[in-house]
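Have a look at the structure below before the remarks.
The values are calculated or read from the model by the stated rules, or taken from the named source; none is laboratory data. Keep in mind that this is a model prediction, so the values were computed, not measured. A quick note on method: Cβ atoms are made from the backbone with ideal geometry, for glycine too, and the neighbour counts reach across all protein chains shown. SASA here: full protein model, heavy atoms, side chains in, ligands and nucleic acids out. Shrake-Rupley method; radii C 1.70, N 1.55, O 1.52, S 1.80 Å.
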Amino acid sequence: MGTVLGWGYVLLPLVCWAVLARTRAVGVVVAGVLAALAVVPVGLECGWFHSRAVAECQAGYPLAAGLVVLLGALAEHLRRGHRPAGGSGRTTAAIALTAAHALLGLVVGLLYQLAVHEPFSPERSELALPPGLAVEHDSGPDRDCGLHACLRELTVVSTEGRPAAEVARRLRERLTAEGWRTRPDLVLARRHGWLLDKRITLLSITERPAGVAVELAGPDRSPW
């Protein structure tokens, strides 16, 4: 059921535009733009690429798609004039669904503000490594999700045989340059999302003989 709703969320603008389009030239261009927009939420869901603006993409997609449909309708109005009086039931339904879909984006944005507070699995891509360092071991996502946080453990080593102390130093320097801030307890912290998703990713670095142990934590929004 969730898969069906997800594809409906992505494909609804294209279906509505297929009903509303009246000219081939504008119809093809608008359909191409809508298809390109649809790749963004699909790519994020399938892991084709990573972005801190996941919430903004999910909430902004229906708004952007609705705007494209509106601009397409205006372009066709300039080419062909007013639609026939009354129109068909399919046209009316397509207009109503497009408007409702765009409003859904506002609801999604509001939900991120009010309801997204549960623990989350940090992405591997959140750990930016400087040249000469590599991940030797990764426990993977969802390995250890407790009541207040999901943990992901990685081992970072030097590909050049550098000692653990230098690996840890270089890693901290790179993460600081990437926008991570150091808390008083020496744990690094950075916002997981961009504007709407205010959850924080935590990262701790521990030197060990076999390398540097890195623990990524995706806590809920309760105080840590």
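One table, with the values for the structure above:
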| quantity | calculated |
| --- | --- |
| Mean Kyte hydropathy of 0.0 or more with a Cα span along the axis of at least 15 Å, helices from DSSP in the chain | 2-20, 24-46, 54-80, 89-114 |
| DSSP loop GluC sites (Glu not before Pro) with at most 16 other Cβ within 10 Å: longest gap in the chain | 1-159 |
| Accessible solvent surface per residue of segment 69-167, calculated while the other protein chains remain in place, 1.4 angstrom probe, Å² | 60 Å² |
| Read-out P(r) over Cα pairs in 10 Å bins from 0, in percent, derived from the coordinates shown; its label in [x] 7, 26, 25, 17, 13, 8, 3, 0; [y] 7, 30, 35, 22, 5, 0; [z] 8, 31, 27, 18, 12, 4, 0 | [x] |
| Net charge, residue 180 excluded, C-beta distance under 15 Å - Lys, Arg +1, Asp, Glu -1 | +4 |
| Mean residue ellipticity (222 nm) of the chain, computed from DSSP H runs ≥ 4 via -39,500 (n - 2.57), nearest 500 | -17000 deg cm²/dmol |
| Within the accessible area of segment 68-140 (1.4 Å probe), percent carbon and sulfur | 67 percent |
| Cysteines not pairable in the chain (beta carbon separation under 4.7 Å absent) | 16, 46, 57 |
